[in-house]
Structure formats: C-alpha cells, structure tokens
1. Looking only at the range 35-80, which residues are under 19 Å from residue 15 (Cβ atoms), of a type in the set (Asp, Glu) and under 22 Å from the mean Cα position of the chain (by Cα)?
2. So, residue 17, is that one in contact with a His (Cβ under 9 Å, 6 or more places away or on another chain), at pLDDT 80 or above, in a helix (DSSP H, G or I) and surrounded by 10 or more Cβ atoms within 10 Å (Cβ to Cβ) or not?
3. Looking only at residues in the range 58-82 that are more than 16 Å from residue 40 (Cα to Cα) and modelled with pLDDT under 80, which one is most open to solvent (accessible area, probe 1.4 Å)?
4. If we scan the range 83-103, do we find a residue that is over 15 Å from residue 18 (Cα atoms) and modelled with pLDDT of 90 or more?
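The values are calculated or read from the model by the stated rules, or taken from the named source; none is laboratory data. Nothing here was measured: the structure is a model prediction, and the numbers come from that model. Here the Cβ positions follow ideal geometry from the backbone for every residue, glycine too, while neighbour counts run over all protein chains shown. For accessibility, only protein heavy atoms count, side chains too; no ligands or nucleic acids. Shrake-Rupley method; radii C 1.70, N 1.55, O 1.52, S 1.80 Å.
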Amino acid sequence: MTTPVCTRAGTTQFTAYVRTKGPTLLRTARSLTPNAADAEDLLQTALTKTYLAWDRIDDHRALDGYVRRTLVNTRTSQWRKRKVDEFSTDELPEPAGAATPDLTEQQAQRDALLRAIARLPPRQRAMVVLRYYEDMSEAQTAEAMGVSIGTVKSAVSRALGKLRDDPELELCVA
C-alpha cells in the first residue's frame, strides 16, 4: 500500500506554510530538545508527517496546532526509543590533562574584548569589525569604507596595537 502524497496545489500551500511558519516551528522544536541539530531533525520529521497528511487535514487554520502536536508526539516517541550508551567502567575515558573550557571565563573575555573594541576610535572600530567580525578582505573593507586598501591596513594595524596594549585585555590573556 502506498501513502498518498500531496496534490500539486497542496504542495504549493505546504511550501508557503513552511516558509511562513518555519522559524517559529524551529523555535518550538528547539524548546523540546537541547541540541540544535536534533531540533532541526525533529522539525524535519514533523514536517514530513504533516506533508504526508496535508490533503487529509480539513481545517488548515489549525495547522500550527497540528504541527506542534506532531513535534511533541515525535519527540516523545524518540525519547521512549532512545538507547542508553553509558557503561560503568573503572577507567575514565577522558584524558587526565583535558580540562573543559570555563564558559564563564570565555564570556568574560568576550565582554572585555567588546569593551576594548568600543573604546577604539569610530573609524578604526568599523574597520576592525568589518575585517574580523564580518570576515571581509582588506579590499572589501576598503570598498565598504570608501578608502584605499593601504588606509585599511594601517588603521587596522594601529587598532590591533591599541587592543594589544589595552590593560583590560592583558588580564584576559594571562
């Protein structure tokens, strides 16, 4: 027995629905599972189930509830079927020297860096942001700022020097 598939009009409606509601549904899926990749898989599975049932759904105004219920039911089924891959052992699998990163310290370093960048002159700050946060080349940065490549190179070099000498960042590196 084959599963009926959406009609052409149904496919168009389904595509429009997913484009409109996809981000909202993904947020719902992310609230159901801690892993972002698992949330995407969960949403994909729920949307596949919804697509297969599209022509059988009488009230398309109730689709949000239908898809959310499908998300919850699918997640519950996955949770019930999960395998436990933990085994007790006398030896720890982690190497002795491997320390987990301190997320609080990493956030403090990011905050200190952002404050240091905020203290740069506006033009240098813009060039640093374009070069390193937006990952633009020197030529792209020069074009975006309306200056020469040499100006970008020298301004970024001076900005990096100021950041290296920033006392707040010295505490983060030590």
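1. 40
2. For residue 17, the condition - in contact with a His (Cβ under 9 Å, 6 or more places away or on another chain), at pLDDT 80 or above, in a helix (DSSP H, G or I) and surrounded by 10 or more Cβ atoms within 10 Å (Cβ to Cβ) - is met.
3. 80
4. No, the range 83-103 has no match at all.
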